[in-house]
Amino acid sequence: MPRVICVAEKNSIAKAVAGILSGGRSSRRDSPSKYIKNYDFTFDFPFSGPSNVTMTSVAGHLTGLDLDQAHGWGKCPIPQVFDAPIVDIRTKDQEKMASNIKRECRNADFLMIWTDCDREGEYIGWEIVQTAVQANRALRENVFRASFSHLESRHIAQAARNPNRLDQRAVDAVRTRMEVDLRSGVAFTRFLTELLGSKIERDSGSKPNQRPIISYGTCQFPTLGFVVDRFERIRKFVPEKFWYLVLSISIGSDKTTFQWERGHLFDRLAVAVIYETCIESSRNMAKVAYVKSKPTSKYRPYPLTTVELQKNCSRYFKMSAKVSLEAAEKLYQKGYISYPRTETDSYPQAMDLRALVQQQTSESRWGTYAQNQLSGMGPNQFQWPRAGKNDDKAHPPIHPIISAGAGLDNENEKKVYEYVTRHFLACCSEDAKGHSTTMTLQWGPEFFSANGIVVLEKNFLEVYPYMKWDSTKQLPNLNVGQDVELSSYLMKDGQTSPPNQMTESELILLMDANGIGTDATIAEHIEKIQQRDYIKKKKMNKQTYLIPTTLGVSLVHGFEAIGLEDSFAKPFLRRQMEVDLKMICDGNKNRAEVVNDLISKYQDYYGLTSSRKNKLIETYTDIKSVM
DNA sequence: GCAAGGTC
């Protein structure tokens, strides 16, 4: 029988796919790498007929990128970094993975790539092909690619029966990204470190003998930029005074306050004139202009993505993005939750979500809730989750797989498991239902309104305590057209207040919205710029904020002073690269063209930065004296 | 000693 080698991006996928295609009858062998197992079975592929199959995997990338030896740090003038030769290298772990691929492929007839169906997965697929061909040249003509977006059995079987080819454009796009990140990162990191490394004073807590690295990275700088931006907005904030009108009526001991529909105005005289007009025409009497009453809902959350998990664990449990992702990874390795790195916020139709809810019925804290959801009785029955707009075509939303019961002893893992599970049950619930009433008074020519909410059914909120929705005080029972006596009518003043310093949860949101980093790397970038001493965590009244250091502020302003056309500290450059990568994927540009464009841009920027490097030093000295 | 992206 022909021999077919299948290679997935990680062992969990290899294991699951082998289980499905073999009908549960595969046999497992160890590999030279402790992360990787080989699964043997037989299967009838359309390209090979009945075959002996080995399903194996890598663990992420199989190769890395670096400059060649002659262009190491200090061995060449920095500008050569922009056109030095690039070599593929492997770490020890990658060497072990590669030797497994080579050994399995030596006597194979076909190779089928089962990496994740995203851009990075396509590139890893290409790395696997390169490695396989080193051991068996004949394989080159017999490479197929499985297209799948989740691990439901029928879907996987269909992927096996409908092989595709690797998408070379996606491979080219990733290679472009790697090359640009490497050359720009290395060049500016060496430059900045040599320029400023000996001049900056490091804050206490850093190792004194270690020369600091002042790095540039296409993701590090925009991340820093967000933090500095907020810091400056607060520093430069000038409060502005405003004035507004507010009414209240009292019926018995019940007081209701009505807010001015104009909000507030920044002109004291204008507000005073309106105020007097109202008093002259209506004194202390107002009329009920209208009462609007309508059913209202509080929507259950969307299915859980990595970014949402990190944001909410930061907000609700004060866990850093890195710590929450690590806890989620542990839970995934132990089989409690699904793969934690996903951008997908809708569930594939074929998934058996009821079975997953069923798993939770034995839990002490939310078991009864889950039972009621599946009981067929009562108001809050199982609902298919809302569908968001994002799909990474590789992983479903994060969800619990089995009940953890008392099986967890790590505090962070407990918290993250509970959050993931409550979020999942909330997704499969009814929206909360309520009734909202808005009453509007007319006083003179002006309108004022008050809002009241009655929560009728909490539904998902019963299992999701993180979100609050409470009934407010009931509005008085008044009819449209009725005259009412005001218990007070006041002109008040206030002033605008600055925003708060950046929280990690806000920073994650900004990075995600601007395409800085990915679900898997956002936490690392935030961590990295702390290591580099660009920002620091600071606790202020129970909140942890991210504050830039002198060095962080200086880098952002220093590059502003140099005046690059696209600021390093803004997300624009990175976004532009994404646009170019998309064009490579769509066949509208080729790799060489994009690499050339971007690298020559960075070369220009390097020239400019280098000729105005004094501005970087001056900026640092200036800022140090004022911060 | 440098990047960002996978994964463990």
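Condition test on A:Asp93, is it touching a residue at least 60 places away in the same chain (Cβ under 8 Å), within 31 Å of the chain's Cα centre (by Cα), within 8 Å of DNA strand B (Cβ to nearest atom) and in a helix (DSSP H, G or I)?
In short, yes.
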(Q) If the requirement is being acidic (Asp, Glu), at pLDDT 95 or above and in contact with a Ser or Thr (Cβ under 7 Å, 6 or more places away or on another chain), which of these qualifies: A:Glu95, A:Glu127? (A) A:Glu127
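Per-residue answers, yes or no, for (1) surrounded by fewer than 18 Cβ atoms within 10 Å (Cβ to Cβ); (2) modelled with pLDDT under 95; (3) on the phi > 0 side of the Ramachandran plot:
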| residue | (1), (2), (3) |
| --- | --- |
| A:Ala272 | yes, no, no |
| A:Tyr275 | no, no, no |
| A:Ser293 | yes, yes, no |
| A:Pro303 | no, no, no |
| A:Lys311 | no, no, no |
| A:Asp352 | yes, yes, no |
Q) How many residues does segment A:126-155 hold that are farther than 21 Å from A:Glu578 by Cα, assigned to a helix (DSSP H, G or I) and either without any contact (Cβ under 8 Å) to a residue 40 or more places away in the chain or within 16 Å of DNA strand B (Cβ to nearest atom) (or both)? A) 13
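For segment A:2-19, check the following and say yes or no: at least one residue is near DNA strand B (Cβ under 8 Å from one of its atoms) and surrounded by fewer than 16 Cβ atoms within 10 Å (Cβ to Cβ).
no
Among the residues of segment A:43-67, write down those that are within 10 Å of DNA strand B (Cβ to nearest atom) and assigned to a loop (DSSP other than H, G, I, E, B).
A:Val58, A:Ala59, A:Gly60, A:His61, A:Leu62, A:Thr63
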Q | Candidates A:Asn477, A:Asn500, filtered to the one that is in contact (Cβ under 8 Å) with a residue 24 or more places away in the chain, out of contact with any Cys (no Cβ under 6 Å at 6 or more places or on another chain), more than 13 Å from DNA strand B (Cβ to nearest atom) and over 29 Å from A:Glu329 (Cβ atoms) | A | A:Asn500
Q: Determine which single condition A:Lys601 fails, assuming it passes every other condition in (1) in a helix (DSSP H, G or I); (2) closer than 30 Å to A:Phe266 by Cβ; (3) over 20 Å from the mean Cα position of the chain (by Cα).
A: (2)
Q. Which residue, of A:Arg230, A:Arg262, is more than 16 Å from DNA strand B (Cβ to nearest atom), touching a strand residue (DSSP E or B) at 6+ places or on another chain (Cβ under 9 Å) and in a loop (DSSP other than H, G, I, E, B)?
A. A:Arg262
Q. How about segment A:219-258: which of its residues are polar (S, T, N, Q) and closer than 24 Å to A:Ile623 by Cα?
A. A:Gln220, A:Thr223
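Looking at A:Lys538, A:Lys542, which one is exposed (fewer than 13 other Cβ atoms within 10 Å of the Cβ), without any contact (Cβ under 8 Å) to a residue 40 or more places away in the chain and touching a Phe, Trp or Tyr at 6+ places or on another chain (Cβ under 9 Å)?
A:Lys538
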**Q.** Considering residues of segment A:26-35 that are over 17 Å from A:Glu329 (Cβ atoms) and touching a helix residue (DSSP H, G or I) at 6+ places or on another chain (Cβ under 9 Å) only, the residue nearest to DNA strand B (Cβ to nearest atom)
**A.** A:Ser33
Q. Could you say whether any residue in segment A:179-195 is within 29 Å of A:Ala59 (Cβ to Cβ), acidic (Asp, Glu) and near DNA strand B (Cβ under 9 Å from one of its atoms)?
A. yes
Q.
What's the total number of residues in segment A:23-40 that are out of contact with any Lys or Arg (no Cβ under 6 Å at 6 or more places or on another chain) and either part of a strand (DSSP E or B) or surrounded by 19 or more Cβ atoms within 10 Å (Cβ to Cβ) (or both)?
A. 7
Q | Output for segment A:275-310, where each listed residue is farther than 21 Å from A:Asn479 by Cα and assigned to a loop (DSSP other than H, G, I, E, B) | A | A:Tyr299, A:Arg300, A:Pro301, A:Tyr302, A:Pro303, A:Thr305
Q | A:Ser250, sole failed condition from (1) assigned to a helix (DSSP H, G or I); (2) in the same structural domain as A:Ser487 (by TED's automatic domain parsing); (3) among the small types (Gly, Ala, Ser) | A | (1)
**Q.** Matching entry among A:Pro379, A:Pro396 (being at pLDDT below 95 and in contact with a strand residue (DSSP E or B) (Cβ under 6 Å, 6 or more places away or on another chain))
**A.** A:Pro379
(Q) If I ask for residues that are away from DNA strand B (no atom under 11 Å from the Cβ), assigned to a helix (DSSP H, G or I) and free of Cβ contacts under 8 Å to residues at least 60 places away in the same chain, which ones from segment A:71-80 would you list? (A) A:Gln80
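Working carefully through the options A:Ser149, A:Ser206, find the one that is in the same structural domain as A:Ile89 (by TED's automatic domain parsing) and either surrounded by fewer than 13 Cβ atoms within 10 Å (Cβ to Cβ) or modelled with pLDDT under 95 (or both).
Every option except A:Ser149 fails the conditions.
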Q: Being among the hydroxyl-bearing types (Ser, Thr, Tyr) and part of a helix (DSSP H, G or I) is the filter here, so list the residues in segment A:516-561 that pass it.
A: A:Thr550, A:Ser554
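The values are calculated or read from the model by the stated rules, or taken from the named source; none is laboratory data. Predicted model, so just to flag it, every value in this text is computed and none were measured. All Cβ positions, glycine included, derive from the backbone under ideal geometry; neighbour counts span all protein chains shown.
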